[in-house]
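The values are calculated or read from the model by the stated rules, or taken from the named source; none is laboratory data. Keep in mind that what you see is a predicted model, and the values were worked out from it rather than measured. Neighbour counts are summed over all protein chains in view; Cβ atoms, including those assigned to glycine, are modelled from backbone coordinates with ideal geometry. Note: areas computed on protein heavy atoms with side chains; ligands, DNA, RNA excluded. Shrake-Rupley method; radii C 1.70, N 1.55, O 1.52, S 1.80 Å.
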Amino acid sequence: MGWSIQDLGAIGEFVGSIFVAVTLVYLVVQVRQNSQSIKSQSRYQVLEALAADLTASSNSEYFALRNRISGGDASSDDVVQWNLTLAVFLSHMEILFHELSDESLPEEFRSPLRVRIAALLRLPQGAQVWESSQQLFTQSFRDFVDGVAKDNVDEIVADGFLGSDKLVRSK
């Protein structure tokens, strides 16, 4: 059985097309894994930043500043520092919100996010900081915060901090 050059060429093209298809499938799998890795890194960075915020907010200096603001004993520098602290916290909440919207974080993070936003709106000057800086945030985040603000903020905070197991069970 003699093979002509054309026969060998056709076999070569067939084998080559199989290798190309296998390579494309491999590349698709690699791109998906890379995308998941990037999302995971992004999620980790968001959570790390939030943890840093929570660590800073548990700092005695933070509480002293908050108490000076609440008691009316704050200097103008204290007010500026407080407003910046709240604005940074809002920025981190927006990142968390977009991670939720992109489904990079599980949906069970939505209720704690609502509680944190509601708690911020109850802080001294929290609502004022939001009103004065909301143009810095995306429209979807502004809509989310405004929706939280329209709800009973005190009830959201009480349920979130005192009845957090109710929030988890209601899902």
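Residue by residue through segment 70-115, note down the ones that are in a helix (DSSP H, G or I) and of a type in the set (S, T, N, Q). Passing the criteria: S70, S76, Q81, N83, T85, S91, S101, S111.
Residue-level check: of (1) modelled with pLDDT under 75; (2) open to solvent by 60 Å² or more (accessible area, probe 1.4 Å), V80 misses just (1). If you take the residues of segment 101-119 that are open to solvent by less than 40 Å² (accessible area, probe 1.4 Å) and at pLDDT below 85, which of them is farthest from D154 (Cα to Cα)? Checked segment 101-119; the qualifying residue farthest from D154 (Cα to Cα) is S104. Among the conditions (1) open to solvent by 50 Å² or more (accessible area, probe 1.4 Å); (2) at pLDDT 90 or above, D165 misses just one, which is (2).
Here I18, I38 are screened, and the one residue that is over 23 Å from the mean Cα position of the chain (by Cα), in a helix (DSSP H, G or I) and modelled with pLDDT of 75 or more is I18.
Against the conditions (1) exposed (fewer than 15 other Cβ atoms within 10 Å of the Cβ); (2) modelled with pLDDT under 80; (3) among the β-branched types (V, I, T), I156 satisfies every one except (1). Output the residue which, of all residues in segment 122-145 that are surrounded by 15 or more Cβ atoms within 10 Å (Cβ to Cβ) and of a type in the set (V, I, T), is farthest from the chain's Cα centre (by Cα). My answer is V129.
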